[in-house]
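The block underneath contains the structure these notes are about, expressed in structure tokens.
The values are calculated or read from the model by the stated rules, or taken from the named source; none is laboratory data. Predicted model, so just to flag it, every value in this text is computed and none were measured. Every residue, glycine among them, receives a Cβ derived from its backbone with ideal geometry; neighbour counts consider all protein chains shown.
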Amino acid sequence: MPEKLTVLNPTGYPPKITQKQLAPRLESLDGRTIYLVDCRFDDSIELLRQVEAWFADNMPSVKTELVSLNNMYSRDDPETWTLIKERGDAAILGVGH
Amino acid sequence: MTLESKYNVPTVALHTEKFDRIVRSTTRVGGLPQAAFCFVPMPVMGKSAAELRAYVEGADPLSGRPLMQEVVEGLTTAYSPEPDAGGFNPRFVPAPTPRLVEPATEDELRQLFEDNNWTDFLPIVLPTEERVAAMLAATSHKPEEVVGRMQPTHNRGYWEYTVEKVAVNAVMAGARPEYFPVILALAASEITARSSTSSSAAPMVVVNGPIRHEIGMNSGTGAMGPFNRANATIGRAYGLLSMNGQGGSVPGETFAGSLGNAYTYSNLTFAENEERSPWEPLHVTKGFKPEDSTVSIFWGGRSTTFNLGLREQHWREHVHDMLMGTDQLTAPCLVLDPITARQFIDRGGFDTKDKLFDWIHETAKMPAGEYWDLQLVQNYLYPRATFGEEPFATKLKAAADELIHTFRREEINVVVVGGETNGYWQIMGTNYRKTVCVEDWR
């Protein structure tokens with residue numbers, strides 16, 4: 001019978017996770033303003049232009065605003081988030097990876 | 001997640017399909033596993049308007065449902081988050097880490113370490129209590145002391161590791177106890193050697209000072225290859241510590257490097273050949289004393305150009321061409337055999353590093369239009385330019401045909417290594433990050 005060994009676990013200690021809540025969802029998108037947020041990664045704005053066109057063709061009552069992040073996707077952008085909070089009802093972010 | 005939870009704005013995130021598991025594990029770690037997201041095919045980059053319209057009008061490739069239906073539902077009360085039980089690795093619901101692994105036979109433990117992705121899939125030394133204790137005896141620091149924290153990329157959550165955790169990984173790598181202060185110094189840098197970047201980056205570790213000789217590191221012939229236990233196992237320990245200390249480096253979950261990078265087996269760990277260099281050692285350039293023992297960490301390692309010597313007639317043009325082959329996202333670090341280091345002085349009169357760096361900076365230029373059209377520059381530097389960050393903002397004002405500096409002067413580096421079997425040399429695209437004093441970890 002091979003000997004049993006005791007060894008140490010090599011993994012670090014995980015962070016404490018704070019659970020967050022979703023924002024309340026909208027009853028409907030009719031008449032609402034949706035911000036399309038370009039994350040400035042790998043031509044994401046080009047995809048969002050097509051999302052914008054889709055809303056124009058299929059849900060014309062929805063107003064879309066296409067904006068680009070002020071900096072790289074990895075950096076927080078409170079200016080853009082505040083703009084959306086003040087003037088928009090919802091947001092679509094793209095393209096994440 | 002910030003827009004959703006901090007600003008209270010209903011949000012749907014569009015991702016490319018390859019990042020399914022990464023998105024799910026990131027939202028869990030971020031405390032918002034119920035976040036609304038959907039997927040489009042990969043890639044988006046370079047696709048025509050018609051192709052992207054087809055993405056939008058088509059189905060989410062993972063769920064099979066119409067993409068825009070998912071988007072609209074995700075923003076409205078029709079949204080029903082997926083049950084919080086994905087079919088992926090439960091390690092991303094972080095649990096307290098036990099100190100010991102359940103006792104088992106050697107074969108069973110080897111299998112367990114592989115199954116848990118705790119290795120680099122080369123054989124390891126099992127970290128028994130006796131071996132770890134021997135490693136710990138090589139430092140004055142207590143086993144429970146926190147050395148640092150790492151994460152694979154932004155927003156993944158920092159994991160902490162102690163002196164004992166570093167020792168466990170050092171044993172696994174096959175390191176001798178006398179190498180341990182160097183490994184602890186690397187751990188203290190808090191720079192992960194297992195970044196999740198899709199670009200597959202690798203560190204480069206340069207050891208300077210008396211410690212090189214104390215532990216028998218190689219700075220001469222074959223220094224960057226697998227010919228010396230200290231060079232090999234210090235770099236490997238750094239990699240294992242990074243992947244395990246940060247809570248994983250698993251393709252598709254905590255690692256997204258498309259190609260991967262073989263440099264990460266050793267993390268390009270070597271000692272500088274200070275004795276044969278015509279210039280001051282790297283650590284002195286970075287503000288340390290010659291008698292200090294240090295580790296310096298670079299980060300990049302995706303582009304490497306190489307050459308032999310410097311020819312009298314066209315050496316300037318040849319170096320220019322190499323610099324144009326260096327990725328613009330990082331910066332050139334010249335890795336020179338001592339023969340070539342002296343040739344740079346003979347050909348260009350660069351008897352100080354400053355003179356060399358000035359010349360490299362002025363030589364590495366390209367038309368602004370060409371520079372800004374690079375996808376790397378578009379992704380990572382153009383946004384910073386439009387935000388007003390210098391020197392990128394000024395570069396952005398240049399006419400398309402105006403030659404602009406490709407790299408920042410202060411980011412250019414040089415390291416001398418090798419055994420003078422010939423004047424071969426490389427330009428590594430890699431950014432200097434940090435130098436840590438080994439003395440602090442003895």
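Evaluation of A:GLN50 against the conditions (1) within 30 Å of B:MET172 (Cα to Cα); (2) touching an Asp or Glu at 6+ places or on another chain (Cβ under 9 Å) shows that the sole unmet condition is (1).
As for segment B:251-260, it holds no residue that is closer than 24 Å to B:ARG342 by Cα and aliphatic (A, V, I, L, M). Within the bounds of segment B:371-388, is there any residue that is surrounded by 16 or more Cβ atoms within 10 Å (Cβ to Cβ) and more than 14 Å from every other protein chain (Cβ to nearest Cβ)? Checking segment B:371-388: at least one residue is surrounded by 16 or more Cβ atoms within 10 Å (Cβ to Cβ) and more than 14 Å from every other protein chain (Cβ to nearest Cβ). Of the residues that make up segment B:162-172, is at least one farther than 20 Å from B:THR430 by Cα, among the polar types (S, T, N, Q) and crowded, with 20+ Cβ neighbours inside 10 Å? Yes: one or more hits. Here A:GLN19 passes the criteria (1) facing another protein chain (nearest Cβ under 8 Å); (2) farther than 22 Å from B:THR26 by Cβ; (3) in a loop (DSSP other than H, G, I, E, B) except the one numbered (2).
Could you say whether any residue in segment B:410-424 is without any contact (Cβ under 8 Å) to a residue 24 or more places away in the chain and either of a type outside the set (Gly, Ala, Ser) or within 14 Å of chain A (Cβ to nearest Cβ) (or both)? Yes, that holds for at least one residue. Among the candidates B:GLY423, B:GLY388, the residue that is farther than 30 Å from A:PRO78 by Cβ and not assigned by TED's automatic domain parsing to the domain that holds B:PRO203 is uniquely B:GLY423.
Scanning segment B:247-259 for residues that are surrounded by fewer than 23 Cβ atoms within 10 Å (Cβ to Cβ) and either within 15 Å of B:TRP118 (Cβ to Cβ) or in contact (Cβ under 8 Å) with a residue 60 or more places away in the chain (or both) turns up B:VAL250, B:PRO251, B:GLY252, B:GLU253, B:PHE255, B:ALA256, B:GLY257, B:SER258. Within segment B:174-197, the residues that satisfy the criterion of being more than 19 Å from the chain's Cα centre (by Cα), buried (at least 22 other Cβ atoms within 10 Å of the Cβ) and either assigned to a helix (DSSP H, G or I) or outside the structural domain of B:GLY252 (by TED's automatic domain parsing) (or both) are B:TYR179, B:PHE180, B:PRO181. Checked against the criterion of being among the aliphatic types (A, V, I, L, M) and more than 27 Å from the chain's Cα centre (by Cα), segment B:302-313 has at least one qualifying residue. Cβ separations smaller than 9 Å between residues 6+ apart or across chains give the following pairs from segment B:215-236 residues that are under 22 Å from B:THR192 (Cα atoms) and in contact (Cβ under 8 Å) with a residue 60 or more places away in the chain to residues that are in a loop (DSSP other than H, G, I, E, B) and among the acidic types (Asp, Glu): B:ARG236/B:ASP120.
Put simply, of B:ILE360, B:ILE404, B:ILE427 the only residue that is closer than 19 Å to B:GLU274 by Cα and in contact with a helix residue (DSSP H, G or I) (Cβ under 9 Å, 6 or more places away or on another chain) is B:ILE427. The set of residues from segment B:126-145 being under 14 Å from B:ALA187 (Cβ atoms) and either in contact (Cβ under 8 Å) with a residue 24 or more places away in the chain or within 11 Å of chain A (Cβ to nearest Cβ) (or both) comprises B:MET135, B:LEU136, B:ALA138, B:THR139, B:HIS141, B:PRO143. Taken as a whole, the structure leaves A:THR11 outside the set of residues that are facing another protein chain (nearest Cβ under 8 Å), assigned to a loop (DSSP other than H, G, I, E, B) and within 24 Å of B:SER80 (Cα to Cα).
Looking across A:ALA91, A:ALA56, one residue alone is of a type in the set (A, V, I, L, M) and out of contact with any strand residue (DSSP E or B) (no Cβ under 7 Å at 6 or more places or on another chain). It is A:ALA56. Of the residues A:GLU46, A:GLU86, A:GLU79, the single one that is within 7 Å of another protein chain (Cβ to nearest Cβ) and in a helix (DSSP H, G or I) is A:GLU46. The strands (runs of 3 or more DSSP E) found entirely in segment B:288-376 that carry 3 or more residues being of a type outside the set (D, E, K, R) are B:294-308, B:332-336. If you filter segment B:346-361 down to residues that are without any contact (Cβ under 8 Å) to a residue 24 or more places away in the chain and among the hydrophobic types (A, V, I, L, M, F, W, C), you find that the one that is surrounded by the most Cβ atoms within 10 Å (Cβ to Cβ) is B:PHE350. Tell me, yes or no, whether segment B:237-246 has at least one residue that is touching a Leu at 6+ places or on another chain (Cβ under 8 Å), assigned to a loop (DSSP other than H, G, I, E, B) and surrounded by 20 or more Cβ atoms within 10 Å (Cβ to Cβ). Within segment B:237-246, none of the residues are touching a Leu at 6+ places or on another chain (Cβ under 8 Å), assigned to a loop (DSSP other than H, G, I, E, B) and surrounded by 20 or more Cβ atoms within 10 Å (Cβ to Cβ). Here A:ARG40 fulfils each of the conditions (1) of a type in the set (D, E, K, R); (2) without any contact (Cβ under 8 Å) to a residue 24 or more places away in the chain; (3) assigned to a loop (DSSP other than H, G, I, E, B) apart from (2). Restricting the first member to segment A:62-74 and to residues that are at the interface with chain B (Cβ under 9 Å from one of its Cβ atoms) and within 18 Å of B:MET1 (Cα to Cα), and the second to residues that are among the polar types (S, T, N, Q) and outside any strand (DSSP E or B), the beta-carbon pairs closer than 7 Å and six or more apart or on different chains are A:LEU69/A:THR80; A:ASN70/A:THR80. Going through (1) out of contact with any Leu (no Cβ under 7 Å at 6 or more places or on another chain); (2) closer than 23 Å to B:ILE191 by Cβ one by one, B:VAL414 falls short only on (1). With respect to the conditions (1) within 30 Å of B:THR119 (Cα to Cα); (2) within 15 Å of the chain's Cα centre (by Cα), A:LEU36 lacks only one, and its number is (1).
Within the set B:ALA364, B:ALA341, B:ALA368, the sole residue that is crowded, with 16+ Cβ neighbours inside 10 Å, more than 18 Å from B:VAL414 (Cα to Cα) and in contact with a Leu (Cβ under 9 Å, 6 or more places away or on another chain) turns out to be B:ALA368.
Looking at A:ASP57, A:ASP30, A:ASP43, A:ASP38, just one residue is within 24 Å of B:VAL40 (Cα to Cα), charged (D, E, K, R) and surrounded by fewer than 16 Cβ atoms within 10 Å (Cβ to Cβ), and that residue is A:ASP57.
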